[in-house]
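The values are calculated or read from the model by the stated rules, or taken from the named source; none is laboratory data. As the structure is a prediction and not an experimental result, all values here were calculated from the model. Here the Cβ positions follow ideal geometry from the backbone for every residue, glycine too, while neighbour counts run over all protein chains shown.
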Amino acid sequence: MNSAAINPNKTEGAANIVIVGGGPAALVLAIALARRGIHTTMFERDAHPEKTPRFNPERSYTIDISGHGLRAIRHIDVAAYFDERLFPFKGIKMMDQGIAEWNEPGWTGSRGDIVRSLMAPITEKYLDYITCQFECRVTAVDVHSGTLTYTTQSGEVITRQFDFIIGGDGAGSVVRNAMQQQVAGFTTETKSFPNFVTMIELDRVGDQLNPHYLNGLSIHPFCIAGAIKGDTAADPPRWFCCVGTKDKMIFASVDEARRFLEKRCRRILELTSEEKVAAYAQRTCFHIGQKLTCSQLYGGKAVLLGDAAGPFPPVGQGVNAAMESAMMLDLCIAEVGHSPTQLLEAARLYNNRWKPEVEAVSWISEKNLFENPFHELRMQVAGRLGLHVLEQAKSADLPYSVVKDRAEKLWPLWV
């Protein structure tokens, strides 16, 4: 029987559990707990995924769900929903550097497609166990009493008390901020790295790129293109390319943007129209080099998942790690129990097991920054020594902490 199948738990009384946030980590956990017969309430500030756009052209870089994310998808048995909505993921093609094939199941698509793939089984199977409150913004949390205040779509302000609060509310987590203010000894450390990204849509791809791969178009800047499915089966894929730079790019004109691409990544100009270049010239360049580390992942009656537990610069593991964190918390709850007191013990167990993993993948991320020649050289040298860090970080069979430990054994490279 699947490890997340519904089964009795060694629990003396059910708890009132709330999940703040409705992203991939939150939805994976809600499904996993529902499969055990555990009820949760979920608050999400945005509308239902089926009512929101599948992608944001300002930020819709394509995400691959592979090793660590695959573990979570298998854990809750929802692979069929991903098969319907995303492209099968086959690997990464880098110009002049060959192909890193992915031979396990996996998917590639937008964050909106991922959330829809997780919301569909909830709607079909688990609404008796998961109460979804969309367009509800949580504004205050008391992690000691379990009190939560939120504003509904109609503007009504409501305060409720819960036995256990799960913060799956992203990098700007309200739950984490409350823990920092209210829990003695709970601290956070932040770092900022020179990682910036600007999106450009590629509307002249045709059959020049394979939608089952992420396609690296250049290293300086770091340009990687990926596809999402069209709105209908008859529609062609839509392609987006993130242009990753170490400097914040602001263009004074379309001509300046075109000259930049001509000089730095001519391949993009071959795959897109003048209309999309003009949109790129005006698009916001986002800083995505923020990193945050928590001294612990629980406090009071609260625990943190995914980006709420520790956002890090992109290395293809953000959503994968977030979903795996949800799986880890579910396994800890299954092991300990889900009464109010047992949930607090499960949170401590989760902290012991997951904190080293989120710290390890965060460490890996800061060693792989955009347009950093030393980082690129280090990866090449490590690869020649048999350690392909980013490739191994994708593996479902290797914890992030093991990959980090292997890298640190080559210590001169990582000083």
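Scan the stretch 214-222 and tell me whether some residue there is under 30 Å from ARG45 (Cα atoms) and surrounded by fewer than 23 Cβ atoms within 10 Å (Cβ to Cβ).
Let us first name the residues in the stretch 214-222 that are under 30 Å from ARG45 (Cα atoms), namely none.
No, every residue in the stretch 214-222 fails to be under 30 Å from ARG45 (Cα atoms) and surrounded by fewer than 23 Cβ atoms within 10 Å (Cβ to Cβ).
If you scan the stretch 190-204, which residues turn out to be crowded, with 21+ Cβ neighbours inside 10 Å and in contact with a helix residue (DSSP H, G or I) (Cβ under 6 Å, 6 or more places away or on another chain)?
ILE200, GLU201, LEU202 - these are the residues of the stretch 190-204 that are crowded, with 21+ Cβ neighbours inside 10 Å and in contact with a helix residue (DSSP H, G or I) (Cβ under 6 Å, 6 or more places away or on another chain).
Got a number for residues in the stretch 236-263 being surrounded by 15 or more Cβ atoms within 10 Å (Cβ to Cβ), within 30 Å of the chain's Cα centre (by Cα) and of a type outside the set (Phe, Trp, Tyr)?
Matching residues across the stretch 236-263 total 11.
Would you point out which residue out of ALA234, ALA227 is over 30 Å from THR341 (Cα atoms) and assigned to a strand (DSSP E or B)? Walk me through how you get there before you give the answer.
Numbers: ALA234 fails: assigned to a strand (DSSP E or B).
On inspection, the qualifying residue turns out to be ALA227.
Take the residues in the stretch 84-104 that are surrounded by 22 or more Cβ atoms within 10 Å (Cβ to Cβ) and in a loop (DSSP other than H, G, I, E, B), then tell me which one is modelled with the lowest pLDDT.
Looking at the filtered set, the residue picked out is TRP102.
Each row is one residue, and each column tells you yes or no for (1) surrounded by fewer than 24 Cβ atoms within 10 Å (Cβ to Cβ); (2) modelled with pLDDT of 95 or more; (3) of a type in the set (A, V, I, L, M).
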{"site": "ALA4", "(1), (2), (3)": "yes, no, yes"}
{"site": "ASN7", "(1), (2), (3)": "yes, no, no"}
{"site": "GLY21", "(1), (2), (3)": "no, yes, no"}
{"site": "ALA47", "(1), (2), (3)": "yes, yes, yes"}
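In the stretch 149-189, which residue that is assigned to a strand (DSSP E or B) and in contact with a helix residue (DSSP H, G or I) (Cβ under 9 Å, 6 or more places away or on another chain) is surrounded by the fewest Cβ atoms within 10 Å (Cβ to Cβ)? Even if it seems obvious, please write down each step before you answer.
Going through the stretch 149-189, the residues assigned to a strand (DSSP E or B) turn out to be 149-151, 157-161, 164-167, 188-189.
Within this subset, residues satisfying the condition of being in contact with a helix residue (DSSP H, G or I) (Cβ under 9 Å, 6 or more places away or on another chain) are 164-167, 188.
Values: PHE164: 24, ILE165: 25, ILE166: 30, GLY167: 31, THR188: 13.
Only one residue tops the list, namely THR188.
For the stretch 264-290: of the residues being under 19 Å from VAL205 (Cα atoms) and polar (S, T, N, Q), which is surrounded by the fewest Cβ atoms within 10 Å (Cβ to Cβ)?
Checking each candidate, the answer is SER273.
Quick test for you: out of LEU304, LEU343, pick the one residue that is more than 17 Å from GLY69 (Cα to Cα) and within 15 Å of the chain's Cα centre (by Cα).
Sole residue among the options that is more than 17 Å from GLY69 (Cα to Cα) and within 15 Å of the chain's Cα centre (by Cα): LEU304.
In the stretch 58-83, which residue that is within 27 Å of ALA100 (Cα to Cα) and part of a loop (DSSP other than H, G, I, E, B) is farthest from the chain's Cα centre (by Cα)?
Let us first name the residues in the stretch 58-83 that are within 27 Å of ALA100 (Cα to Cα), namely 59-75, 77-83.
Now restrict to residues that are part of a loop (DSSP other than H, G, I, E, B): 59-62, 66, 77-78.
On the way: ARG59: 14, SER60: 13, TYR61: 12, THR62: 11, SER66: 12, ASP77: 19, VAL78: 17 Å.
Filtering the stretch 58-83 for residues that are within 27 Å of ALA100 (Cα to Cα) and part of a loop (DSSP other than H, G, I, E, B), the one farthest from the chain's Cα centre (by Cα) comes out as ASP77.
For the stretch 91-115, give me the residue count where each residue is among the hydrophobic types (A, V, I, L, M, F, W, C) and more than 14 Å from ILE224 (Cα to Cα).
4
In the stretch 347-403, which residue that is assigned to a loop (DSSP other than H, G, I, E, B) and of a type in the set (A, V, I, L, M) is surrounded by the fewest Cβ atoms within 10 Å (Cβ to Cβ)? Steps first, please.
Step one: list which residues in the stretch 347-403 are assigned to a loop (DSSP other than H, G, I, E, B), which gives 367-372, 385-388, 394-399.
Among the residues that remain, those that are also of a type in the set (A, V, I, L, M) are: 369, 385, 387, 396, 398.
Values: LEU369: 19, LEU385: 11, LEU387: 17, ALA396: 18, LEU398: 15.
Among residues in the stretch 347-403 that are assigned to a loop (DSSP other than H, G, I, E, B) and of a type in the set (A, V, I, L, M), the one surrounded by the fewest Cβ atoms within 10 Å (Cβ to Cβ) is LEU385.
On the given criteria, is ALA25 touching a residue at least 12 places away in the same chain (Cβ under 8 Å), in a helix (DSSP H, G or I), touching a Lys or Arg at 6+ places or on another chain (Cβ under 9 Å) and small (Gly, Ala, Ser)? Walk me through it before giving the result.
Working: touching a residue at least 12 places away in the same chain (Cβ under 8 Å): yes; in a helix (DSSP H, G or I): yes; touching a Lys or Arg at 6+ places or on another chain (Cβ under 9 Å): no; small (Gly, Ala, Ser): yes.
It is false that ALA25 is touching a residue at least 12 places away in the same chain (Cβ under 8 Å), in a helix (DSSP H, G or I), touching a Lys or Arg at 6+ places or on another chain (Cβ under 9 Å) and small (Gly, Ala, Ser).
With the structure loaded, tell me whether GLU371 is of a type in the set (Asp, Glu), touching a residue at least 12 places away in the same chain (Cβ under 8 Å) and more than 25 Å from GLN97 (Cβ to Cβ) or whether it fails that test.
On the way: of a type in the set (Asp, Glu): yes; touching a residue at least 12 places away in the same chain (Cβ under 8 Å): yes; more than 25 Å from GLN97 (Cβ to Cβ): no.
Taking the combined requirement at face value, the residue does not satisfy it.
Which ones in the stretch 84-111 are closer than 13 Å to HIS212 by Cβ and under 17 Å from the mean Cα position of the chain (by Cα)?
LEU86, PHE89, GLY106, TRP107, THR108, GLY109
Testing TRP107 on (1) crowded, with 20+ Cβ neighbours inside 10 Å; (2) of a type in the set (Phe, Trp, Tyr); (3) in the same structural domain as GLY167 (by TED's automatic domain parsing), one condition comes back false. Which one is that?
For TRP107, the failing item is (3).
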